[in-house]
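Scroll down for the structure; my scribbles are underneath it.
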Amino acid sequence: MMSLSALIHAPSPCFLSTTHRSTSSPDPTTVRSSSMAASARIAVVGDVHDDWNLEEDTKALQLLQLSELIALLMDFLSESNMCLHVQYSQIWCSSQAGDFGNENVELVQSIADLNLPKVVILGNHDSWKTQHFSGKRKDGVQRQLECLGEEHVAYKRLDFPTLKLSVVGGRPFSCGGEQIFRRSLLSARYGIQDMDGSADRIYNAALGTPEDHMVILLAHNGPTGLGSNLNDICGKDWVFGGGDHGDPDLAQAISHLKETTKISIPLVVFGHMHKELAYGNGLRKMIVVGADKTIYLNGAIVPRVRRLVAEQGTDNTNFMNNETSVFSPGSRGTMRAFTLVEILEGRVDKIAETWVSVIEDETAIEEEHVLFQRGN
């Protein structure tokens, strides 16, 4: 969801512990070759908005290692971020979807320091202050890009052969809607002048995907065409009457890929549009299953951290308002949100919003809200 004070987003990283390669009308939920089809568990974290702690999130991610492989796709949003973790075989991968903070270089460096494979795409808040690249000194955007290196997947593809999985990145710095945000940055670094050029770059990044791989598209904001009501997955919740605030270039690229290639795109992951709607208008729809069975997933759970506070004289633990980042004397730890995607034999099998408690060295899954279950 998106609020009046937060109309811009940041980058998304993805971490993988397996070898990967970087590259600039069948059911899309199934990889084209059933032989050795992908099986993985992916943890998505969207729109961090400064709610990231390397030590505690590492503990939570370690708990979610239900197999030997974890994939984390990350998208950094200045107001929020998104993460994706995948487990399978002997690989560990993680991903996050941007908006860590307003060019919060230290936080992005903390993400880069996470000892997991990752893919990232920066959001609008990750370019909150920088409108043009500086020729004389390194600005906040350049420093973030240096922290992330090849794990920043804007307009490129990362292949994970062991997983039979490829991640294709969309347009960085997206703020949603019909206008390109930070055009001068995109022009200087990627040669992008307009939406058509951006759509072509996303499309070309996906070309050459290994035939037996499924593709996950990772973007800061979702595509147009998924609804215009204020509570729709990319709906405008800050204006009367709503409206579609998706990215036209992402929608164009997806449509072109489906029309002209046999690339399997079972899942499109993004953030930016917060789950809690503006002005207390309820909650946003966080998942859409298209007519062709492609799943569109919004991971922007904001805030993604709840403080746990012990009641004096009891063993009970309650939630504390998340606005303060410093624990009170009665603080007992945190609950941290992830959206888990389970892929079984090349198909998206289950998606659930999952909350993990971290109290010192103890971790546990406290809540699970199923968003999608194949067959239901």
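The values are calculated or read from the model by the stated rules, or taken from the named source; none is laboratory data. Predicted model, so just to flag it, every value in this text is computed and none were measured. Methodologically, a virtual Cβ is constructed for each residue, glycine included, from the backbone with ideal geometry; neighbour enumeration extends over all protein chains shown. The area values use the complete protein model at the heavy-atom level, side chains included, leaving out ligands, DNA and RNA. Shrake-Rupley method; radii C 1.70, N 1.55, O 1.52, S 1.80 Å.
Some notes on this structure:
- Restricting the calculation to Cα atoms, every distinct pair contributes to the Kirkwood radius of region 108-200, found to be 14.2 Å.
- Of LEU230, GLN252, PRO266, farthest towards positive along the dipole that unit charges on Lys, Arg, Asp, Glu beta carbons give region 222-278: PRO266
- Virtual spin-label span in nm between ARG143 and ALA188, 7 Å along Cα→Cβ: 1.6
- Averaged over its residues, region 111-218 has an accessible area of 37 Å² per residue, based on protein heavy atoms and a 1.4 Å probe.
- Carbon + sulfur, % of accessible area of region 114-175 - ligands and nucleic acids excluded, 1.4 Å: 42
- Relative frequency of Cα-Cα separations exceeding 29 Å in region 158-310, percent: 21
- Relative contact order of region 334-376, defined on C-alpha pairs under 8 angstrom at six or more residues apart (%): 35
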